[in-house]
Amino acid sequence: MPVSVSTIKRAEAGKQVLGRTIQSLANYFQVSIDTLINDTDAPPWIYRHLVKDMPNPCYGRDWELNHLHSLLNLALNRCALQTLYLQGMTGAGKTSLLTTFATQLTTAGKRNLIFSCDASTENAQSPFSVPSFIKALMSVNDTTPSHDIRHKIDLIASSALCTLRLRQWLGNNLTQCEADTLTLLSQTRVKQLDKQIARNLLAYAHHKGVAVIVIDGAHNLPANALQFIQLFTSCDAQQAIAFIISAQQKHAFIHPPKWLSHAHTITLKPLDPDTMMQIASHTLLCQGKVPDKHREQTADAITRAQGNPYFLKQLLSDLDPVVTLPDALQHFARTCLNSMPCEVASTLKFAASLGLCFNTHQLQQFNDNEKIRAPLCVLHKMLCSGLVKQSDEHFCFVHPLVQEALKSQTTHSEFSWYTYPRHHHPNQCPNQVTSN
């Protein structure tokens, strides 16, 4: 049955009226909106009407946003911790999605804890560390007096051993006798103790009204921090909390970790052209530009960004022609290369000079010429960098602009020894055959 445009508009208007009414009632009775619609999942669209004029709208992620709200509803219905793994390449919009989700929850009266694992981030998220994470779950901070923290530990911990271990996690000084007590415990007993502490902390956080915990950018965390987070996802806590972990597919997350095998998973796909046009218009308006006057630049930027919202914003950030590579992407490439061993960085630069894709034969030529000592180790580190992915017998950069950015860090003479094969196509996979 066809639905008229006027009917759709009336339905949307009705949603807005209902959303505002529910919010007003919740504010009047000083309760959350879920209390007003008990035994019924809160429709995700309600949250959209609670937040007005977000400075950085999250375009094109309605399905993912709805899924996050559905996960929280599932946790509330089952009264059990629900874990979600959010993955996507750099610039795909993970942080934007999670920030929008957290803002909607805050406006609806739901408490959330969101931590950033990116040291270079400039948003309002709390930086992640094991002590800061524990303190947030305990509802204390660095300014809380030590005796108050000690009292809170005694309140939360379910046993004397849990108290000692929790103090150790927080970096508190232990007496020699206390330290010896923990040292004498077997590894199995320590793991049991740590899981019990995780349950204690989640129970207290739930008591304090925490509904959602977010670890954003977990791929940046060291192994000990990831082991600590794993305690919370595997402790079978019976608290209505959504535990969300986001990461790029790199380092320990190049493949989904086994400890997240039972988690709900969302993979952020490239955005469609219409959504990219929305983002472009919003970006230009924020710069004080008229979108209609930059149609050609916008079209070129959308084509080059290939569904990546961050790359699109960077391409539109400069007044220079869009054919140039933005400074932010060049800085991204320099930062990546500088953080790698020399052999890995030079191999990546060589691969980028070949084009979007390259194969093992080309890498072997480079290894022989440069006398790379452990080529398999270098290749493994390239794949773990999240910049390159393997497909059948060849390798490709995860995005054309990643390849461009890395290539921008090479000189014309750096790989002059290499002879390109006849009919070489820089942006074509080496094992593909071109029809003439």
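The numbers here are math on the coordinates, done by the rules we state, and not lab data. Keep in mind that what you see is a predicted model, and the values were worked out from it rather than measured. When we count neighbours, we look across all protein chains shown, and the Cβ atoms used for this are built from the backbone with ideal geometry, even at glycine.
Using alpha carbon centroids, what distance separates region 365-403 and region 135-163, in Å?
The two parts, judged by their Cα centres, are 47 Å apart.
Taking the Cα of CYS377, stepping 7 Å toward and past its beta carbon, and measuring to each backbone N in region 213-233: which are under 20 Å?
Correct set: 223.
If packing is taken as the average count of other Cβ atoms within 10 Å, what order do 398-408, 374-384 fall into, highest mean first?
398-408, 374-384
Compute the Kirkwood hydrodynamic radius of region 273-324, taking the inverse of the mean of 1/r over all pairs of distinct Cα atoms, and give it in Å to one decimal. Could the numbers behind the result be given before it?
Values: mean 1/r = 0.0950 Å⁻¹.
It works out to 10.5 Å.
Using a cut-off of under 19 Å, list every residue of region 96-112 whose amide N is near the label point 7 Å from the Cα of ASN66 along the Cα-to-beta-carbon line.
Label zone hits: 97-98, 100-102, 104-105.
Suppose each label sits 7 Å from its Cα in the direction of the beta carbon; what would the GLU393-THR324 distance come out to in nanometres?
4.2 nm
Rounded to the nearest 0.05, what FRET efficiency is calculated for SER234 and SER416 with R0 set to 45 Å and r the Cβ-Cβ distance? If you can, show how the numbers build up before the last one.
Values: r = 53 Å, r/R0 = 1.18.
Efficiency computed from Cβ-Cβ geometry: 0.25.
Pop the C-beta distance of GLN192 and SER132 into the FRET formula with R0 = 22 Å and round what comes out to the nearest 0.05. Numbers along the way, then the final one.
Details: r = 25 Å, r/R0 = 1.12.
Efficiency for this residue pair is about 0.35.
Which of ASP180, ASP118 has the fewest other C-beta atoms within 10 Å, and how do the rest follow up to the most?
Numbers: ASP180 10, ASP118 15.
Ordered by Cβ neighbours within 10 Å, fewest first: ASP180, ASP118.
Starting with the highest mean, order 211-223, 292-304, 181-193, 59-71 by the number of other Cβ atoms within 10 Å, averaged over the residues of each peptide.
Order by mean packing, descending: 211-223, 59-71, 292-304, 181-193.
For a test of the definition: using alpha carbon positions, the gyration tensor, and the 1.5 limit on a/c, classify region 330-407 as rounded, prolate or oblate.
On the way: a/c = 1.57, a/b = 1.18, b/c = 1.33.
Here region 330-407 falls in the oblate category.
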